[in-house]
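**Q** Sending over a structure as structure tokens; questions will come in a sec.
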């Protein structure tokens, strides 16, 4: 496995890409393609309205150094323990944390489960939308939220 740093159009940062080269049955079949899993943290942080993500990760047991590396996409992978802590801190699942860029030359069936990790359109900025609503609409939303069943 080979790793390289390249610009990611999904998170607008430089990310580590893992290049996997498969050789099956010697020289009879060679398939080379990029596996591109990226962290989706900035979108989750925006959607949750988290103003101090570094502080939040430290509260959940990450060292300041590790928290900074995770938030700046400087890690190439997470241990299961780190992934669990990250999910607990951000109130999400591992599937929310990762997005996948399908390699253009890969022949992956349309029903393959990896397609669930393809990036979704950026959702609206709810905080901004709420700030722009009239007060009577905010009251309706507050009542709706209070009536929602608690998990």
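The values are calculated or read from the model by the stated rules, or taken from the named source; none is laboratory data. Model, not experiment: these values are computed from the prediction. Reconstructed Cβ throughout: ideal geometry from the backbone, glycine too, with neighbour counts over all protein chains shown.
**Q** How many residues does the range 39-69 contain that are under 11 Å from the mean Cα position of the chain (by Cα) and either under 12 Å from residue 86 (Cα atoms) or surrounded by 17 or more Cβ atoms within 10 Å (Cβ to Cβ) (or both)?
**A** Total meeting the criteria: 6.
**Q** Let me ask something else about it. I need the full set of residues from the range 87-104 which are surrounded by 11 or more Cβ atoms within 10 Å (Cβ to Cβ) and touching a strand residue (DSSP E or B) at 6+ places or on another chain (Cβ under 9 Å), in order please.
**A** Passing the criteria: 97, 98, 99, 100, 101, 102, 103.
**Q** If a residue has to be farther than 16 Å from residue 39 by Cβ and free of Cβ contacts under 8 Å to residues at least 12 places away in the same chain to count, how many in the range 65-119 make the cut?
**A** Number of matching residues: 10.
**Q** Just a yes or no: is a residue in the range 15-31 outside any strand (DSSP E or B), modelled with pLDDT of 55 or more and surrounded by 15 or more Cβ atoms within 10 Å (Cβ to Cβ)?
**A** No, that holds for no residue.
**Q** Turning to a different aspect of this structure: Which ones in the range 36-64 are farther than 23 Å from residue 126 by Cα, in contact (Cβ under 8 Å) with a residue 60 or more places away in the chain and either outside any strand (DSSP E or B) or in contact with a helix residue (DSSP H, G or I) (Cβ under 8 Å, 6 or more places away or on another chain) (or both)? Let's see the steps before the verdict.
**A** We begin by selecting, within the range 36-64, every residue farther than 23 Å from residue 126 by Cα; these are 36-38, 58-64.
Then drop every residue that is not in contact (Cβ under 8 Å) with a residue 60 or more places away in the chain, which leaves 36-38.
Passing the criteria: only 37.
So that you can scan it fast, the table gives a plain yes or no per residue for (1) modelled with pLDDT under 75; (2) over 26 Å from the mean Cα position of the chain (by Cα); (3) loosely packed, with under 10 Cβ neighbours inside 10 Å; (4) in a loop (DSSP other than H, G, I, E, B):
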| position | (1), (2), (3), (4) |
| --- | --- |
| 106 | yes, no, no, yes |
| 110 | no, no, yes, yes |
| 130 | no, no, no, no |
| 136 | no, yes, yes, no |
| 140 | no, yes, no, no |
| 146 | no, yes, yes, no |
| 149 | no, yes, yes, yes |
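**Q** Of the conditions (1) over 19 Å from residue 54 (Cβ atoms); (2) modelled with pLDDT of 80 or more, residue 88 clears all except one; give me its number.
**A** If we test residue 88 against (1) over 19 Å from residue 54 (Cβ atoms); (2) modelled with pLDDT of 80 or more, just (1) comes out false.
**Q** Could you grab me the full set of residues in the range 73-84 that are touching a helix residue (DSSP H, G or I) at 6+ places or on another chain (Cβ under 8 Å) and modelled with pLDDT of 90 or more?
**A** The answer is 82, 83.
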